[in-house]
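Novice: This is the structure I want to talk about, given as structure tokens.
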Amino acid sequence: MTRFVSGEAEMEENPILKASLSMASDIPLYAQLTGIIKNTITSGTLRVGDLLPSEAELCDKFEISRNTVRQAIGSLEEAGFVVRKRGKGTFVADPSTRRKGVQYSFTTEISSMGKHPSSTLVSFDIIDPAPKIKRLMALEDGVIRLDGEPFAGPVIYTRVRNVDNEPLILETSYYPQHIYPNLTREMLETHSFYSLLYHVGVVPFAAEDSYEAVTLGEYEAKLLGCVPGAAAFHHQRRTTMENGLVYECTSSYMRGDRVRLDVCFQKSGTSFTRVVD
């Protein structure tokens with residue numbers, strides 16, 4: 001582990017590498033590794049800014065695949081425990097960032113149910129969106145970027161969210177290309193998109209959600225492993241920064257045979273939960 005003290009690097013063995021995984025456990029290996037790293041952070045053994053072992057070191061120490069390591073780091077990154085800096089490594093994040101604005105992680109949500117989450121990227125393109133999407137994102141023709149340059153067009157990417165290796169959600173997301181112009185398909189396959197945006201100062205502050213009961217078309221049904229006409233929930237989310245600017249619009253189809261939406265009304269407020277069968 002590298003810890004910086006008064007501008008000088010202090011080298012010592014990383015406590016994460018002292019732990020071990022159980023191959024006989026029913027808990028997935030990535031979830032065990034996630035727990036080890038999270039415990040070292042929440043206990044204070046690793047402090048803000050401390051460097052985590054590299055992917056290669058974790059693979060060698062625990063005798064696991066690179067994909068397993070990336071899944072564990074990705075879940076911690078989405079939950080705000082770590083940040084990845086290109087060319088430098090993965091570091092313990094400032095916990096205050098986990099308390100600001102909208103906090104949502106598909107990986108954390110599904111893992112908390114004792115299930116195995118994963119994602120499959122279907123497509124990645126730069127497009128001129130439909131008028132409806134432009135309106136939702138306040139990107140109508142003639143809009144000028146914050147840096148004074150004309151709007152160039154958003155990025156759209158589609159992925160299937162899997163639970164226990166079965167497709168659950170078909171998710172299509174749009175974001176203005178200029179807020180992260182160097183995004184690539186490979187980066188989306190190995191990093192949390194929200195964590196990438198965090199590095200350039202884009203932090204989710206508020207979100208507007210809507211749900212609608214629908215039936216699946218042929219395209220959606222094929223990707224979700226259903227028959228056309230199957231029942232589903234259509235979920236639309238528009239996310240904004242603290243200054244009110246919309247930076248993401250997501251449209252999702254959730255299989256109606258595997259998802260239940262529970263709403264709890266209490267004196268203190270209303271809570272909303274998705275339950276996956």
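The values are calculated or read from the model by the stated rules, or taken from the named source; none is laboratory data. Just so we're clear, the structure is a prediction, and the values are computed from it rather than from any experiment. Using ideal geometry, Cβ is built from the backbone for each residue, glycine included, and neighbour counts are taken over all protein chains shown. The accessibility values were calculated without ligands, DNA or RNA, using every heavy atom of the protein model including side chains. Shrake-Rupley method; radii C 1.70, N 1.55, O 1.52, S 1.80 Å.
Novice: Any residue at all in the stretch 227-235 that's modelled with pLDDT of 95 or more, loosely packed, with under 12 Cβ neighbours inside 10 Å, touching a strand residue (DSSP E or B) at 6+ places or on another chain (Cβ under 9 Å) and not hydrophobic (A, V, I, L, M, F, W, C)?
Specialist: Yes - at least one qualifying residue is present in the stretch 227-235.
Novice: So, one more: Quick one: residue 222 ticks every box in (1) touching a strand residue (DSSP E or B) at 6+ places or on another chain (Cβ under 9 Å); (2) at pLDDT 95 or above except a single one, so which number is it?
Specialist: With respect to (1) touching a strand residue (DSSP E or B) at 6+ places or on another chain (Cβ under 9 Å); (2) at pLDDT 95 or above, residue 222 is out only on (1).
Novice: Does any residue of the stretch 105-128 turn out to be modelled with pLDDT of 75 or more, charged (D, E, K, R) and under 27 Å from residue 178 (Cβ atoms)?
Specialist: Yes, there is a match, as at least one residue in the stretch 105-128 is modelled with pLDDT of 75 or more, charged (D, E, K, R) and under 27 Å from residue 178 (Cβ atoms).
Novice: Continuing with this model, one more query. Name the single residue that is farthest from residue 250 (Cα to Cα) among those in the stretch 190-208 being touching a strand residue (DSSP E or B) at 6+ places or on another chain (Cβ under 6 Å) and loosely packed, with under 14 Cβ neighbours inside 10 Å.
Specialist: Selected residue: 206.
Novice: What tally of residues in the stretch 243-258 results from selecting those that are open to solvent by less than 10 Å² (accessible area, probe 1.4 Å) and among the β-branched types (Val, Ile, Thr)?
Specialist: Number of matching residues: 0.
Novice: Restricting the stretch 3-32 to residues that are aliphatic (A, V, I, L, M) and open to solvent by 80 Å² or more (accessible area, probe 1.4 Å), which is modelled with the highest pLDDT?
Specialist: Of all residues in the stretch 3-32, those aliphatic (A, V, I, L, M) come to 5, 9, 11, 16-17, 19, 21, 23-24, 27, 29, 31.
Still in the list and also open to solvent by 80 Å² or more (accessible area, probe 1.4 Å): 11, 23-24, 27.
Details: 11: 52, 23: 86, 24: 81, 27: 73.
If we take residues in the stretch 3-32 being aliphatic (A, V, I, L, M) and open to solvent by 80 Å² or more (accessible area, probe 1.4 Å), then 23 is modelled with the highest pLDDT.
Novice: So, in the stretch 57-82, exactly how many residues are under 12 Å from the mean Cα position of the chain (by Cα) and of a type in the set (D, E, K, R)?
Specialist: Here the count works out to 2.
Novice: A further question on this structure: How many of the residues making up the stretch 110-128 are closer than 22 Å to residue 184 by Cα and assigned to a strand (DSSP E or B)?
Specialist: Looking only at the stretch 110-128, we keep the residues that are closer than 22 Å to residue 184 by Cα, and these are 118-128.
Going one step further and asking which of them are assigned to a strand (DSSP E or B), we end up with 118-126.
Qualifying residue count for the region: 9.
Novice: Hey, another quick one. I want to confirm something. Restricting to the stretch 33-71 and keeping residues that are small (Gly, Ala, Ser), part of a loop (DSSP other than H, G, I, E, B) and open to solvent by less than 50 Å² (accessible area, probe 1.4 Å), which single residue is modelled with the highest pLDDT? Please lay out each step first, then the result.
Specialist: Residues of the stretch 33-71 small (Gly, Ala, Ser): 35, 43-44, 49, 54, 56, 65.
Next, only the ones that are part of a loop (DSSP other than H, G, I, E, B) stay: 43-44, 49, 54, 65.
Add one more test, that the residue is open to solvent by less than 50 Å² (accessible area, probe 1.4 Å), and what stays is 44, 49.
On the way: 44: 84, 49: 90.
Once the filter is applied, the top-ranked residue is 49.
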